[in-house]
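Trainee: I'd like to ask some things about the structure below.
The values are calculated or read from the model by the stated rules, or taken from the named source; none is laboratory data. All of these numbers come straight from a predicted model, not from anything done at the bench. Don't worry about glycine lacking a Cβ; one is built from the backbone with ideal geometry, like all the others, and counts go over all protein chains shown. Side chains are part of the model used for accessible areas, which takes the heavy atoms of the whole protein and leaves out ligands, DNA and RNA. Shrake-Rupley method; radii C 1.70, N 1.55, O 1.52, S 1.80 Å.
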Amino acid sequence: RYQLHYKRGTGASKIMALDGAGNGATGVWSSTWNKGWTHFTPFRINGDPYYFAYKSSTGAVAFDRVNAGGYGVTELSSDTWSKGWTNFMPFTLGGQPYYVAYKTTNGAPNIDRINTSGNGASTLWSGSWGKGWTHLVPFIQNGVQYFVAYQGSTGAVEIDMITGSGN
């Protein structure tokens, strides 16, 4: 298991390998990236670790693969999305990675499927959930994909099921 560490203010980044017993970690790679990435959303393709990084202030996004042994990353693609996404919740359906993107300021969600090559995503569904959801947490119960939505300002909680092909 590996952890990616990133300091938004300096761009300092590193990958740590966690020991099998969970008692420590060893640094295996470090670098300096651009400043200001606000979100890192992990996903897996064929068991290999990937992630996309997003900057909410500019909409910049990069899809990266973690190299074997945690020795750095390889950028697969970059793009610009709309600004202001506040939450990204990864989940898997049928072995394929997806994520929910949500803007707490206007209540806009997207459900996107990550391409099989890990270098981008396609929006399957967009809608409106209302403003203010601050946390989205996925879970599986009896083989069905659900998530908990929570509003920090009101304490409201909702449990939703993801149906079909992530739509």
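Trainee: Out of all the residues in segment 18-57, which are under 30 Å from Leu93 (Cβ atoms) and touching a Lys or Arg at 6+ places or on another chain (Cβ under 7 Å)?
Mentor: Listed by number, the residues that qualify are Leu18, Trp37, Thr38, Asp48, Tyr50, Ser56.
Trainee: Turning to a different aspect of this structure: Looking at this structure, is Gly22 in a strand (DSSP E or B), among the small types (Gly, Ala, Ser), open to solvent by 30 Å² or more (accessible area, probe 1.4 Å) and more than 28 Å from Asp160 (Cβ to Cβ)?
Mentor: In short, no.
Trainee: Step by step: first the residues of segment 47-67, then only those that are at pLDDT 95 or above and not in a strand (DSSP E or B), then the one that is least open to solvent (accessible area, probe 1.4 Å). Which residue is that?
Mentor: The extreme case among them is Gly59.
Trainee: So, one more: Is it true that Trp133 is hydrophobic (A, V, I, L, M, F, W, C), more than 30 Å from Ala17 (Cβ to Cβ), modelled with pLDDT under 95 and touching an Asp or Glu at 6+ places or on another chain (Cβ under 9 Å)?
Mentor: Spelling it out, it is not the case that Trp133 is hydrophobic (A, V, I, L, M, F, W, C), more than 30 Å from Ala17 (Cβ to Cβ), modelled with pLDDT under 95 and touching an Asp or Glu at 6+ places or on another chain (Cβ under 9 Å).
Trainee: Is there any pair linking a residue in segment 117-132 that is on the phi < 0 side of the Ramachandran plot to one that is of a type in the set (A, V, I, L, M), with Cβ under 6 Å and at least six apart or on different chains, and which?
Mentor: Final answer for the pair search is Asn119/Leu76; Ala121/Ile114; Leu124/Ile111; Trp125/Ile111.
Residue by residue, here is whether (1) touching a residue at least 60 places away in the same chain (Cβ under 8 Å); (2) touching a Ser or Thr at 6+ places or on another chain (Cβ under 7 Å) holds:
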residue: Tyr2; (1), (2): yes, no
residue: His5; (1), (2): no, yes
residue: Asp19; (1), (2): no, no
residue: Gly22; (1), (2): no, no
residue: Trp29; (1), (2): no, no
residue: Thr41; (1), (2): no, no
residue: Pro49; (1), (2): no, no
residue: Ser57; (1), (2): no, no
residue: Asp64; (1), (2): no, yes
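Trainee: Which one of these does Gly11 not meet: (1) surrounded by 15 or more Cβ atoms within 10 Å (Cβ to Cβ); (2) touching a Ser or Thr at 6+ places or on another chain (Cβ under 6 Å)?
Mentor: (1)
Trainee: Tell me yes or no: at least one residue of segment 27-34 is more than 23 Å from Ser117 (Cβ to Cβ), open to solvent by less than 70 Å² (accessible area, probe 1.4 Å) and assigned to a loop (DSSP other than H, G, I, E, B).
Mentor: Within segment 27-34 (the criterion being more than 23 Å from Ser117 (Cβ to Cβ), open to solvent by less than 70 Å² (accessible area, probe 1.4 Å) and assigned to a loop (DSSP other than H, G, I, E, B)), the answer is no, since none of the residues qualifies.
Trainee: Name the residues in segment 55-89 that are in contact with a Phe, Trp or Tyr (Cβ under 8 Å, 6 or more places away or on another chain) and hydroxyl-bearing (Ser, Thr, Tyr), would you?
Mentor: The answer is Ser56, Tyr71, Ser77, Ser78, Thr86.
Trainee: Sticking with this one: Here is a list: Trp85, Trp125. Which entry is within 12 Å of the chain's Cα centre (by Cα) and not polar (S, T, N, Q)?
Mentor: Going through Trp85, Trp125 in turn, just one is within 12 Å of the chain's Cα centre (by Cα) and not polar (S, T, N, Q): Trp85.
Trainee: Taking strands (runs of 3 or more DSSP E) that do not extend beyond segment 68-167, which have at least 2 residues that are open to solvent by 40 Å² or more (accessible area, probe 1.4 Å) and touching a Gly at 6+ places or on another chain (Cβ under 7 Å)?
Mentor: So the answer is 73-80.
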